[in-house]
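The values are calculated or read from the model by the stated rules, or taken from the named source; none is laboratory data. Predicted, not measured: the structure shown is a model, and the values here were computed from it. Here Cβ is always computed from backbone atoms with ideal geometry, including for glycine, and neighbour counts include all displayed protein chains.
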Amino acid sequence: MDKFEIEGGVVLNGSVEASGSKNASLPILFASILSAKKIILERVPQLKDIQTSIELIKGLGAEISKESNNRYSICAERLQSIEAPYDLVRTMRASILLLAPILAREGKARVSLPGGCSIGSRPVDIHLKALEQMGVKIEIASGYVNASVEGKIKGADIGFRFPSVGATEQIIMAGTLAEGETTIRNAAREPEIVDLANFLNSLGAKIEGAGSDCIKIKGVSSLEGGSYSIMFDRIEAGTILLAGAITGGKVRVEKIVPNDLLEFLSEAKKSGVKVIEGNDWIEFEGKGSSTVSITTAPHPGFATDLQAQMMSFLCEVPGTSTIVENIFENRFMHVPELVRLGADISISGSTAQIRGKNNTFSGATVMATDLRASAALVLAGLVAKGTTSVRRIYHLDRGYESLEAKISLLGGKISRQRE
Ligand code: UD1
């Protein structure tokens, strides 16, 4: 297992490019099998979750090859299997998104139930109920979802009880090759959903309204091939900007769309960080000086995936800030580890109170518990007195491409070591 050793106290300065988005790449890789023609995907980040997704679609019979570091060629002319097995699915919950594309191609699919994860129980009821409304028969047996449909998936008018990101992606994929028209009401509005719709439309799909809460999909009989470049990773961009700000430095992240980070930028500005925006870059300068109250919410609200990193940053802002976590029921796993590094945080239900001050953190050995929690610990380590060891960074490797290289480029002292 690998760990990070971080020498704290170095002020970060400079500029890095954002990687392609993990959360856009996963559904887009899966959606690629909706087409029987050749697809080229660019700006695919090198991550553990991407490897898992590739193994999953290879296992179904798709041909996939890496043409260069971030470029893949995929051709799913024929599928030979309809199964996403437990051993792969258990490491990545997003695998449930394979249900719709396999079903659309083969009329049946068998995908392992993902089970719980450290940040909450994360059920898939919204996905399954919506698929049933589209004429899909769902049966759950021996830890698997067995789905089948007579003929084609049927377009339907579907209202979600909650704007689930995954369920919105699932139903966009289900509607793409369906018979008739599908409407998704109370759809999630995340930029990654817009990216998925843009990708599918570039292959000939007819999806309108992605990015709003009502998406309409006219089913088409088949998709063409094509090439597509994945959007930037807004969570990685936010994490690196906060890494700069927590050290009081001046850090720019390039090749991004500032509009996709509006709420995050607004909270950073309220905290006193100087935020400068260009067409395709953002720069943060200086430390925070004012407390803020943040509530995570579906997009365009504050992203839950930046909550843990924001909490580390607020530990260094004098006064009491609050964070309310509204998306996942157990997403404060980073708090005990931050407290071990010196933070003063109390939790009551879904609210965390962060009593910040300058020089909160001093180095210690800490344990990463999930993907974004690991990033929060890295940020704390960058500003801590002395050395911080962050263990179990395999969590971080699921979702950050070369984070240590990017932080090193900004002057941070961070190295990967084997335990
Ligand atoms: C996606 C992101 C994840 C992010 C999350 C919220 C990917 C691969 N992952 O996850 O990084 O944190 O959006 O922005 O894109 N829920 C149900 N029933 C369902 C589906 C969801 O109750 O059928 C609940 C979940 O348990 C959770 C909440 O809804 O509490 C949000 O889940 P959802 O929006 O579906 O997130 P994911 O797609 O899993």
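From (1) more than 9 Å from the ligand (Cβ to nearest atom); (2) assigned to a helix (DSSP H, G or I), pick out the condition that doesn't hold for HIS127.
Result: HIS127 passes all but (1).
Exactly one of (1) surrounded by 19 or more Cβ atoms within 10 Å (Cβ to Cβ); (2) within 16 Å of the ligand (Cβ to nearest atom) is unmet by GLU132. Its number?
Exception for GLU132: condition (1).
Mind telling me which of the residues SER290, SER312 ends up being out of contact with any strand residue (DSSP E or B) (no Cβ under 6 Å at 6 or more places or on another chain), of a type outside the set (Asp, Glu), over 26 Å from SER164 (Cβ atoms) and not in a loop (DSSP other than H, G, I, E, B)?
Working: SER290 fails: not in a loop (DSSP other than H, G, I, E, B).
Testing whether each residue is out of contact with any strand residue (DSSP E or B) (no Cβ under 6 Å at 6 or more places or on another chain), of a type outside the set (Asp, Glu), over 26 Å from SER164 (Cβ atoms) and not in a loop (DSSP other than H, G, I, E, B) leaves just SER312.
For the condition in a helix (DSSP H, G or I), at negative phi and among the aliphatic types (A, V, I, L, M), what is the one hit in VAL339, VAL317?
On the way: VAL317 fails: in a helix (DSSP H, G or I).
Selected residue: VAL339, the only one of VAL339, VAL317 that is in a helix (DSSP H, G or I), at negative phi and among the aliphatic types (A, V, I, L, M).
Looking at the range 246-255, which of its residues are within 20 Å of THR360 (Cα to Cα) and either among the β-branched types (Val, Ile, Thr) or in contact with a Ser or Thr (Cβ under 8 Å, 6 or more places away or on another chain) (or both)? Before the answer, list the steps.
Restricting attention to the range 246-255, the residues satisfying the condition of being within 20 Å of THR360 (Cα to Cα) are 246-249.
Selection gives ILE246, THR247.
Restricting to the range 192-211, name every residue that is touching a strand residue (DSSP E or B) at 6+ places or on another chain (Cβ under 9 Å) and not small (Gly, Ala, Ser).
As a first pass, look at the range 192-211 and keep what is touching a strand residue (DSSP E or B) at 6+ places or on another chain (Cβ under 9 Å): 193-209.
ILE193, VAL194, ASP195, LEU196, ASN198, PHE199, LEU200, ASN201, LEU203, LYS206, ILE207, GLU208, listed by residue number.
Taking only the range 1-46 into account, find how many residues are outside any strand (DSSP E or B) and modelled with pLDDT of 95 or more. Lay out the reasoning, then the answer.
As a first pass, look at the range 1-46 and keep what is outside any strand (DSSP E or B): 1, 8-12, 18-19, 21-37, 43-46.
Restricting the remaining residues to those that are modelled with pLDDT of 95 or more gives 8-12, 18-19, 21-37, 43-46.
Counting residues in the range 1-46 that are outside any strand (DSSP E or B) and modelled with pLDDT of 95 or more gives 28.
Yes or no: the range 392-412 includes at least one residue that is assigned to a strand (DSSP E or B) and either crowded, with 17+ Cβ neighbours inside 10 Å or modelled with pLDDT of 95 or more (or both). Steps first, answer last, please.
Applying the first criterion (assigned to a strand (DSSP E or B)) to the range 392-412 yields none.
Scanning the range 392-412 turns up no residue that is assigned to a strand (DSSP E or B) and either crowded, with 17+ Cβ neighbours inside 10 Å or modelled with pLDDT of 95 or more (or both).
Working only within the range 208-219, note down all residues that are buried (at least 24 other Cβ atoms within 10 Å of the Cβ) and under 14 Å from ALA104 (Cβ atoms). Can you show your working first?
Initial filter on the range 208-219 (buried (at least 24 other Cβ atoms within 10 Å of the Cβ)): 210, 215, 217.
Within the range 208-219, just ILE217 meets the criteria.
State yes or no: is ALA109 crowded, with 21+ Cβ neighbours inside 10 Å, aliphatic (A, V, I, L, M), in contact with a strand residue (DSSP E or B) (Cβ under 8 Å, 6 or more places away or on another chain) and modelled with pLDDT of 95 or more? It would help to see each step written out before you state the result.
On the way: crowded, with 21+ Cβ neighbours inside 10 Å: yes; aliphatic (A, V, I, L, M): yes; in contact with a strand residue (DSSP E or B) (Cβ under 8 Å, 6 or more places away or on another chain): yes; modelled with pLDDT of 95 or more: yes.
Yes: the conditions hold for ALA109.
For ILE323, state whether it is part of a strand (DSSP E or B), of a type outside the set (D, E, K, R) and within 18 Å of ARG234 (Cβ to Cβ). Please lay out each step first, then the result.
Numbers: part of a strand (DSSP E or B): yes; of a type outside the set (D, E, K, R): yes; within 18 Å of ARG234 (Cβ to Cβ): no.
Considered against the rule, which asks whether it is part of a strand (DSSP E or B), of a type outside the set (D, E, K, R) and within 18 Å of ARG234 (Cβ to Cβ), ILE323 comes out as no.
To keep it simple, each residue is scored yes or no on (1) farther than 27 Å from LEU262 by Cα; (2) polar (S, T, N, Q); (3) surrounded by fewer than 24 Cβ atoms within 10 Å (Cβ to Cβ).
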| position | (1), (2), (3) |
| --- | --- |
| GLY286 | no, no, yes |
| THR295 | no, yes, yes |
| PHE332 | no, no, yes |
| ASP344 | yes, no, yes |
| GLN353 | no, yes, yes |
| LYS357 | no, no, yes |
| VAL366 | yes, no, no |
| VAL378 | no, no, no |
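Identify, from the list VAL275, VAL253, the residue that is over 23 Å from the mean Cα position of the chain (by Cα) and assigned to a strand (DSSP E or B). Walk me through it before giving the result.
On the way: VAL253 fails: over 23 Å from the mean Cα position of the chain (by Cα).
Just a single option satisfies the conditions, and that option is VAL275.
Among the basic types (Lys, Arg), farther than 22 Å from ILE207 by Cα, away from the ligand (no atom under 16 Å from the Cβ) and part of a strand (DSSP E or B): does that describe LYS58?
Values: among the basic types (Lys, Arg): yes; farther than 22 Å from ILE207 by Cα: yes; away from the ligand (no atom under 16 Å from the Cβ): yes; part of a strand (DSSP E or B): no.
No.
Just one of SER229, SER266 is of a type in the set (S, T, N, Q) and touching a Gly at 6+ places or on another chain (Cβ under 9 Å); which is it?
None of the others qualify; the one that does is SER229.
Test of understanding: among THR291, THR296, THR351, THR322, which residue is touching a helix residue (DSSP H, G or I) at 6+ places or on another chain (Cβ under 6 Å), among the polar types (S, T, N, Q) and over 19 Å from THR247 (Cβ atoms)?
Details: THR291 fails: touching a helix residue (DSSP H, G or I) at 6+ places or on another chain (Cβ under 6 Å); THR351 fails: touching a helix residue (DSSP H, G or I) at 6+ places or on another chain (Cβ under 6 Å); THR322 fails: touching a helix residue (DSSP H, G or I) at 6+ places or on another chain (Cβ under 6 Å).
Going through THR291, THR296, THR351, THR322 in turn, the sole match is THR296.
Every residue, every condition in (1) within 16 Å of the ligand (Cβ to nearest atom); (2) surrounded by 24 or more Cβ atoms within 10 Å (Cβ to Cβ); (3) touching a residue at least 40 places away in the same chain (Cβ under 8 Å), yes or no:
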residue: TYR228; (1), (2), (3): no, no, yes
residue: ARG234; (1), (2), (3): yes, yes, yes
residue: THR239; (1), (2), (3): yes, yes, yes
residue: ALA243; (1), (2), (3): no, yes, yes
residue: GLY249; (1), (2), (3): no, no, yes
residue: LYS255; (1), (2), (3): no, no, yes
residue: LEU262; (1), (2), (3): yes, no, no
residue: LEU265; (1), (2), (3): no, no, no
residue: ASP280; (1), (2), (3): no, no, no
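Considering only the range 166-193, state which residues are among the β-branched types (Val, Ile, Thr) and either more than 14 Å from the ligand (Cβ to nearest atom) or surrounded by fewer than 20 Cβ atoms within 10 Å (Cβ to Cβ) (or both). Write out each step before concluding.
Start the filter on the range 166-193 by keeping residues that are among the β-branched types (Val, Ile, Thr), which leaves 168, 171-172, 176, 182-184, 193.
Of everything in the range 166-193, those that are among the β-branched types (Val, Ile, Thr) and either more than 14 Å from the ligand (Cβ to nearest atom) or surrounded by fewer than 20 Cβ atoms within 10 Å (Cβ to Cβ) (or both) turn out to be THR176, THR182, THR183.
Scan the range 378-394 and report the pairs whose first residue is outside the structural domain of LEU12 (by TED's automatic domain parsing) and whose second residue is outside any strand (DSSP E or B) and not hydroxyl-bearing (Ser, Thr, Tyr), with Cβ atoms within less than 7 Å and a gap of 6+ or a chain change.
Short answer, once both residue conditions are applied: none.
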